[in-house]
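A.B. asks: Quick one: structure below, then a few questions.
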Amino acid sequence: MGNKIKYQLPKVEEVFGSKDNKQLEIFKRYGVLCAPLDAAIVMGSASTNNYVNGVKTLKNRTCWYWLNRGKGKEREYYAVNALGSLCYPFKDKNSGVVRPMIRNASKVVPDFKEKVLAQDDKVGIVKFGACLSNSLPDSLEKLIAMQYNTGSMRNHVVGRDSKYGLIYDIDKEYYCRVKSSKAVPTFKLSNGKTYEGGDYVWLKYAPIIWLWDKKSDTLVSRRGLYCSCYDMFMLNHANSITNNISRKVIKVEEESSLSRVRY
């Protein structure tokens, strides 16, 4: 993998700017609002009640996300709320999402040029790593659920997520059956379906899409990723599927081992 990648959280001034004009170009261009992946909603760390300008459509979902800790003795936790405003202080936290950041991206991300999907003179779009992401279309979810209930999905087991259980391979796509949090009674996902808290939801491992600030050579995830808080921000990731039952080693992407986001 080359240089070890360190995952951090954006600083307040990088998101909102400062007197020294430290705001990253990606936040100038795309704004500070952030939509969560379905995985964050299923885990209970993102609400389904927040929308851009109150327009209640799936495309307008938004959520709050953590920023780097503040300075001083208390080092309060900062966040961007669902309306795009700065919120603080937070001394206790048990939910929320993260937008991990990679500095010196073009130097530390392996084969970086090959992962750039689009770019101009200031920003780019990069595909790198993988994580539990979104729900499945209704027809596919019903098919996989039927195979699971009849026991035939046992033939597709290729790994185990250290937190959420077995990983299934169907035509080189990877899926995990996750029990949703009971913290939210009902929630609607990007497939348009409504679920109840405690339901099992099939989620797909998918590449993480990043926004690339070229001047600072920094990547920030475009969407909000699930995190489990309390002192350490932990990201669900595809790295854990290398501990597999069928003695195969899945490499969704070898470099997708997001482990900790440092703040």
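A.B. asks: What are the pairs, 6+ residues apart or on separate chains, where a residue within segment 133-160 that is more than 28 Å from Gly224 (Cβ to Cβ) has its Cβ under 8 Å from a residue that is surrounded by 12 or more Cβ atoms within 10 Å (Cβ to Cβ) and aromatic (Phe, Trp, Tyr)?
C.D. replies: These pairs meet every condition: Met153/Tyr168; His156/Tyr168; Val157/Tyr168.
A.B. asks: Looking at segment 28-42, which of the residues that are over 14 Å from the mean Cα position of the chain (by Cα) and touching a residue at least 40 places away in the same chain (Cβ under 8 Å) is farthest from Ser85 (Cα to Cα)?
C.D. replies: That would be Arg29.
A.B. asks: List pairs: first residue in segment 54-66 and within 19 Å of Gly96 (Cα to Cα), second residue assigned to a helix (DSSP H, G or I) anywhere in the structure, Cβ distance under 6 angstrom, at least six positions apart or on different chains.
C.D. replies: Close Cβ pairs (under 6 Å, with a partner that is assigned to a helix (DSSP H, G or I)) amount to Asn60/Val52; Thr62/Val52.
A.B. asks: Take the residues in segment 145-158 that are surrounded by 12 or more Cβ atoms within 10 Å (Cβ to Cβ) and out of contact with any Ser or Thr (no Cβ under 6 Å at 6 or more places or on another chain); name whichever of them is nearest to Asp38 (Cα to Cα).
C.D. replies: Among those that are surrounded by 12 or more Cβ atoms within 10 Å (Cβ to Cβ) and out of contact with any Ser or Thr (no Cβ under 6 Å at 6 or more places or on another chain), it is Ala145.
A.B. asks: If we keep just the residues of segment 128-187 that are part of a loop (DSSP other than H, G, I, E, B) and modelled with pLDDT under 85, which is farthest from Val201 (Cα to Cα)?
C.D. replies: Here the residue is Lys172.
A.B. asks: Please determine, by comparing only the residues of segment 70-107 that are crowded, with 20+ Cβ neighbours inside 10 Å and among the aromatic types (Phe, Trp, Tyr), which one is modelled with the lowest pLDDT.
C.D. replies: Out of the qualifying residues, it is Tyr77.
A.B. asks: So for segment 132-144 (the condition being surrounded by fewer than 15 Cβ atoms within 10 Å (Cβ to Cβ) and under 19 Å from the mean Cα position of the chain (by Cα)), does at least one residue qualify?
C.D. replies: no
A.B. asks: Any idea which of (1) surrounded by fewer than 20 Cβ atoms within 10 Å (Cβ to Cβ); (2) among the β-branched types (Val, Ile, Thr); (3) farther than 30 Å from Gln23 by Cα is the one Val123 doesn't satisfy?
C.D. replies: (3)
A.B. asks: Among the residues of segment 12-69 satisfying the criterion of being surrounded by 20 or more Cβ atoms within 10 Å (Cβ to Cβ) and of a type in the set (D, E, K, R), which is modelled with the highest pLDDT?
C.D. replies: Glu14
The values are calculated or read from the model by the stated rules, or taken from the named source; none is laboratory data. Everything numeric here is computed off the predicted structure, so don't read it as measured data. With ideal geometry, Cβ positions are generated from the backbone for all residues, glycine too; neighbour counts draw on all protein chains shown.
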